[in-house]
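Undergrad: The structure follows.
The values are calculated or read from the model by the stated rules, or taken from the named source; none is laboratory data. Please read all numbers here as calculations on a predicted model, not as lab measurements. Ideal geometry is used to build each Cβ from the backbone, glycine not excepted, and the neighbour counts take in all protein chains shown. Accessible surface is based on the protein model in full, side chains and every heavy atom, while ligands, DNA and RNA are left aside. Shrake-Rupley method; radii C 1.70, N 1.55, O 1.52, S 1.80 Å.
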Amino acid sequence: MRKTETPLSHASLAESFNKDEQRVNWHDQTLWFIREKRDKAAWQIPEWEQLREVASTIKSNVLANLHEYLTAFEKAAINNGAVVHWAENAEEHNKIVLSIIQKHKASNIVKSKSMLTEECHLNAFLAKNGVDVVDTDLGERIVQLANEPPSHIVLPCIHWKKEEIGELFHQHLGTPKGNADPQFLTGAARKHLRTKFLSSSVAITGVNFAVSETGEVVVCTNEGNADLGVQLADVHIACMGIEKIIPKRRDLGVFLRLLTRSATGQPITTYSSHFKTPRKGQEMHIVLVDNGRSQRLASDDFRNALKCIRCGACFNTCPVYRRSGGHSYHTAVAGPIGSILSPGWDIKKYSDLPSASTLCGSCSNVCPVKIDIHDQLYKWRQEITKKGNSPKQKTILMNIMNLILSHPVLFNLAGSFGRKVMKWAPSVVNNRINPWYKQREMPEPPPQSFTEWYKKNNNGKP
Amino acid sequence: MESRKNILDRIKQNQPHQNFVQANYFIHPILISNLVEKFKATLTAIGASVFEIATLEELNHFTINSFPNCDDVLTYIPGHVELERKSNGHAYQNIKVAILKGDLAVAENGAIWITDKNMLDRALPFICENLVLVVDQNDIVQTLHDAYSTIEIAEYKYGTFIAGPSKTADIEQSLVLGAHGPKTLTVLIQKSDLIRTDHD
Ligand code: SF4
């Protein structure tokens, strides 16, 4: 499903996603349905806006005192009996994880959902080093069997139809051909993965929140896969970005009330597990990863993106995401938040992403920690243009627009010319060269401009 | 070690120097008038079953009636029904029903807080096929904020909120109960003080 042509661009990948119109409509509607569930859940909480404000303030405080919170967290975690590791970047993170696995001579391990390990491309690295990692979240297992990255941070296989999953399971798990019943397929996956849980001595998890005061990490799942993995394994490796810190346990009251309501509309995930002290005889490792985060911390414009709690609400509400699919973003974290995180990792490679937005602001409106996502999208566009990374076609057009908009005479002429062309020769604009015409009809041109109409109706007076 | 120093130095230099004080907040949720009813309604909505019981005998009746002819039932309620812990979590893989005691329950979201000392083995609440949690009616609180005002001073090594049976909707958003953990969750609200544990 992922195109390999270079350079990858959101526009071209979205175009291929859009070839199957029915499928796009289905994708769009499924995500909108989840957005509506989020609304219903939020409306049941009269103090919702206060919760968002408080969550955002807690995170501001964390970012302004990250050094202190991290060192306190480390101290408490060591005190609890965990081993704390620090990784500058993805490469170092992967090496640390591999060395722990090798120390325990493990070759089969289980992993529950972690966007950080996606960001670091851990699976591919471990596979290269002879370690068989099994993603245990059902959606993640599906995309893993299909050799694809997740297309959504909360709903990894939202782009897959059940018939296709039935076929995939038929090939990999030996389920009967043609059976596409979700209940049946989930049962088959449960059986298949139960054997993996029972035979893995190392379990990797992500981290939703890390409490500075107590050194514990909190992991939220609906399936119970993080807990089952960790509690059957001799070694627990928890991988987290340094921004996952919150000051105190009581702050979890705020974040857990917001997280799942924003994500899927559920009041809370089935399991919200607090891992503080490992079992007797169990090892617990916490890997703290920077990978560009401390650099971003310096930027007044882009710092707030570090507040993200990965709920996915901005994906579900985004008209561009819904109609272009997660893989069109060609990065580990897609959607609006991915479009402001990715250019920070590589401004050249991801220069297209801040443009994959209509700047409608819906993402910022649903974000539970009030990140100014659409403002940051706009600021990245400016940054990209300044650094000379914007696409050529766009630069030329921008210069022409600049010329026209700053000269009233040219502006009036251009408007009247445009209306005539659209009326008498619509094919000039209604064609494949104009990207707006794809999947759309061009509107009827109005007979006159507003200025012309105003002059006529106001007897020529200004 | 070098990475630790580099990361922390960079953070110290880059973190904004505005003095953001720690958020001191007080959230005013709308008070829920009937906690037990709200808790029951929320649990039902998230796929759990709820019953009220008064005595330990009723607990036994419930088990016999709900899981007839089932041998692999395990009850562990510290102070009442004690058991030896087996060598590891794998030893519980064939348990059909586990009956455990929750510490605390939240009316707004149906979540039940349970910590390692009530789990017998940390794997048990996840590896059993059906989970039954007994909750004291007096341990039901309004919201997560209330729950954390107890949890923030509690001692535990591992604790989790459990809200419903394990579930997934990863295949075309169709909700399926019983992903990796228990396929059912039954909550028994204990109306009297008969099954009290040491945390009280
Ligand atoms: S940016 Fe906000 S809405 Fe988007 S995933 Fe992060 S927390 Fe959720």
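Undergrad: Where both residues lie in chain A, what percent of DSSP beta bridges are antiparallel, nearest 5?
TA: The antiparallel fraction comes to roughly 25 percent.
Undergrad: Need one number: nm distance between label points at A:K177 and B:N138, each 7 Å from Cα along Cα→Cβ, rounded to one decimal.
TA: Between A:K177 and B:N138, the label points sit 6.5 nm apart.
Undergrad: Also, I was wondering about something else. Return one number: the angle in degrees, 0 to 90 and rounded to the nearest 10, between the long axis of the Cα atoms of helix A:335-345 and the longest principal axis of the Cα atoms of chain A.
TA: Compared with the principal axis, the helix lies near 80 degrees.
Undergrad: Efficiency by 1/(1 + (r/R0)^6): what FRET value for A:Q382 and B:I30, r their Cβ-Cβ distance, R0 = 51 Å, to the nearest 0.05?
TA: Working from the Cβ atoms, E equals 0.75.
Undergrad: Moving to a separate point now. Can you give the local net charge around A:N304? Use residues other than it whose beta-carbon is closer than 10 angstrom to its beta-carbon, Lys and Arg +1, Asp and Glu -1.
TA: +1
Undergrad: For helix B:56-66, what angle does its Cα long axis make with the longest principal axis of chain B, in degrees from 0 to 90 and rounded to 10?
TA: In chain B, helix B:56-66 runs at an angle near 80 degrees to the longest axis.
Undergrad: Provide, for region A:153-247, the number of lysine pairs with alpha carbons under 25 Å apart, each pair being eight or more places apart or on different chains.
TA: 7
Undergrad: Using a 1.4 Å probe on the protein heavy atoms, what percent of the accessible area of the protein assembly as shown belongs to carbon and sulfur?
TA: 54
Undergrad: Further, regarding this structure: Restricting to Cα pairs below 8 Å that are 6+ residues apart, what does the relative contact order work out to for region A:203-321? Please round to a whole percent.
TA: Details: 168 pairs, mean separation 37.1, N = 119.
The value is 31 percent.
Undergrad: Here is a further query. How many nm separate the modelled label positions at A:Q102 and A:E36, each set 7 Å beyond the Cα in the direction of the Cβ?
TA: Inter-label distance under the simple model: 5.3 nm.
Undergrad: Can I ask one more? Just tell me how shielded B:144-157 is by partners: mean number of partner chain Cβ atoms within 10 Å of each residue's Cβ, no decimals.
TA: Mean partner shielding for this stretch: 5.
Undergrad: How well do other chains shield peptide A:57-63, expressed as the mean number of their Cβ atoms within 10 Å of each residue Cβ?
TA: On the way: counts 6, 4, 2, 5, 7, 4, 6.
Going residue by residue through A:57-63 and averaging, the value is 5.
Undergrad: Using a Cα distance threshold of under 22 Å, what count of lysine pairs results for region B:30-190 when pairs must be 8 or more residues apart or interchain?
TA: 18
Undergrad: Quick check: the angle from helix A:162-173's long axis to the longest principal axis of chain A, C-alpha only, nearest 10 degrees?
TA: Approximately 30 degrees, to the nearest 10.
Undergrad: From the square roots a ≥ b ≥ c of the eigenvalues of the alpha-carbon gyration tensor of chain A, which class results: rounded (a/c under 1.5), prolate (a/b over b/c), or oblate? Write down the numbers at each step before the final one.
TA: Numbers: a/c = 2.14, a/b = 1.67, b/c = 1.28.
The shape class here is prolate.
Undergrad: In terms of modelled amide H atoms, which long-range or inter-chain residues lie less than 5 Å from the amide H of A:E216?
TA: For A:E216, the qualifying residues are A:V211.
Undergrad: Residues with beta-carbon under 11 Å from that of B:T143, excluding B:T143: net charge, scoring Lys, Arg +1 and Asp, Glu -1?
TA: -1
Undergrad: Let me ask something else. Where a Cα-Cα gap under 13 Å defines reach, which aspartates and glutamates qualify for A:K386, not counting those fewer than 8 residues away within the same chain?
TA: Filter leaves no residues.
Undergrad: I would also like to ask the following. Please work out whether region A:1-141 counts as rounded, prolate or oblate from its C-alpha gyration tensor, where a ≥ b ≥ c are the square roots of the eigenvalues and a/c under 1.5 means rounded, while otherwise a/b larger than b/c means prolate and anything else oblate?
TA: Values: a/c = 2.09, a/b = 1.14, b/c = 1.84.
Note, shape of region A:1-141 comes out oblate.
Undergrad: Separate question: Please compute the per residue accessible area over the protein assembly as shown with all protein chains in place, 1.4 Å probe, rounded to a whole number of Å².
TA: Accessible area per residue: 44 Å².
Undergrad: State the cysteines of chain A left without a partner when partners are defined as other cysteines whose beta carbon lies under 4.7 Å away.
TA: If one checks each Cβ against the other cysteines of chain A, A:C120, A:C157, A:C220, A:C239, A:C308, A:C311, A:C318, A:C360, A:C367 turn up with nothing under 4.7 Å.
Undergrad: Something else now. Where does the charge balance sit around B:S3 when Lys and Arg score +1, Asp and Glu -1, over other residues with C-beta under 9 Å from its C-beta? Please report the intermediate quantities before stating the final value.
TA: On the way: positive: B:R4, B:K5; negative: A:E88, A:E92, A:D290, B:E2.
Charge balance near B:S3 sits at -2.
Undergrad: Step through the residues of region B:102-109 one at a time and calculate ³J(HN,Hα) from phi using the Karplus curve (6.51 cos²θ - 1.76 cosθ + 1.60, θ = phi - 60°), rounding each to whole Hz and writing x for Gly and Pro.
TA: x, 7, 7, 9, 10, 5, 5, 10
Undergrad: Another question, if that's okay. Please give the total accessible area that chains B and A bury against each other, computed with a 1.4 Å probe and expressed in Å² to the nearest 100.
TA: 7000
Undergrad: In whole Hz, with x marking every Gly and Pro, tabulate ³J(HN,Hα) for region A:142-156 from phi via Karplus 6.51 cos²θ - 1.76 cosθ + 1.60, θ = phi - 60°.
TA: For region A:142-156, the Karplus-derived couplings read 4, 5, 5, 4, 8, 6, 10, x, x, 9, 7, 6, 10, 10, x Hz, x marking Gly and Pro.
Undergrad: Could you work out the pair-distance distribution P(r) of region A:134-245 from its alpha-carbon pairs, with 5 angstrom bin width and percents rounded to whole numbers?
TA: In order of increasing distance, the bins hold 2, 11, 19, 21, 19, 13, 8, 4, 2, 1, 0 percent.
Undergrad: Label B:H80 and B:K5 with points 7 Å out from Cα along Cα→Cβ: what is the distance between them in nm?
TA: Result: 5.8 nm between the two label points.
Undergrad: Can you list the residues of region A:225-267 whose accessible area drops by at least 50 Å² going from the chain on its own to the full set of protein chains, with a 1.4 Å probe?
TA: Buried-area filter returns A:L228, A:Q231, A:L232, A:R249, A:R250, A:R257, A:P267.
Undergrad: Quick check: from the Cα gyration tensor, does region A:45-291 come out rounded (a/c under 1.5), prolate or oblate?
TA: Because a/c hits 1.5 or more and a/b fails to exceed b/c, region A:45-291 counts as oblate.
Undergrad: Which chymotrypsin sites (Phe, Trp or Tyr not before Pro) from region B:1-43 combine a DSSP loop assignment with at most 11 other Cβ atoms within 10 Å?
TA: Answer in residue order: B:F26.
Undergrad: As a test question: what accessible area, to the nearest 10 Å², does B:L56 have when a 1.4 Å probe is rolled over all protein chains in place?
TA: 50
Undergrad: Just tell me which lysines come within less than 29 Å, Cα to Cα, of A:K456; anything on the same chain fewer than 8 places away is out.
TA: Counting by Cα, and skipping residues close in sequence, A:K456 has these lysines nearby: A:K420, A:K423.
Undergrad: I'd like the mean, over residues of A:136-145, of how many other protein chain beta carbons sit within 10 Å of each residue's own Cβ.
TA: Mean inter-chain Cβ contacts per residue within 10 Å come to 2.
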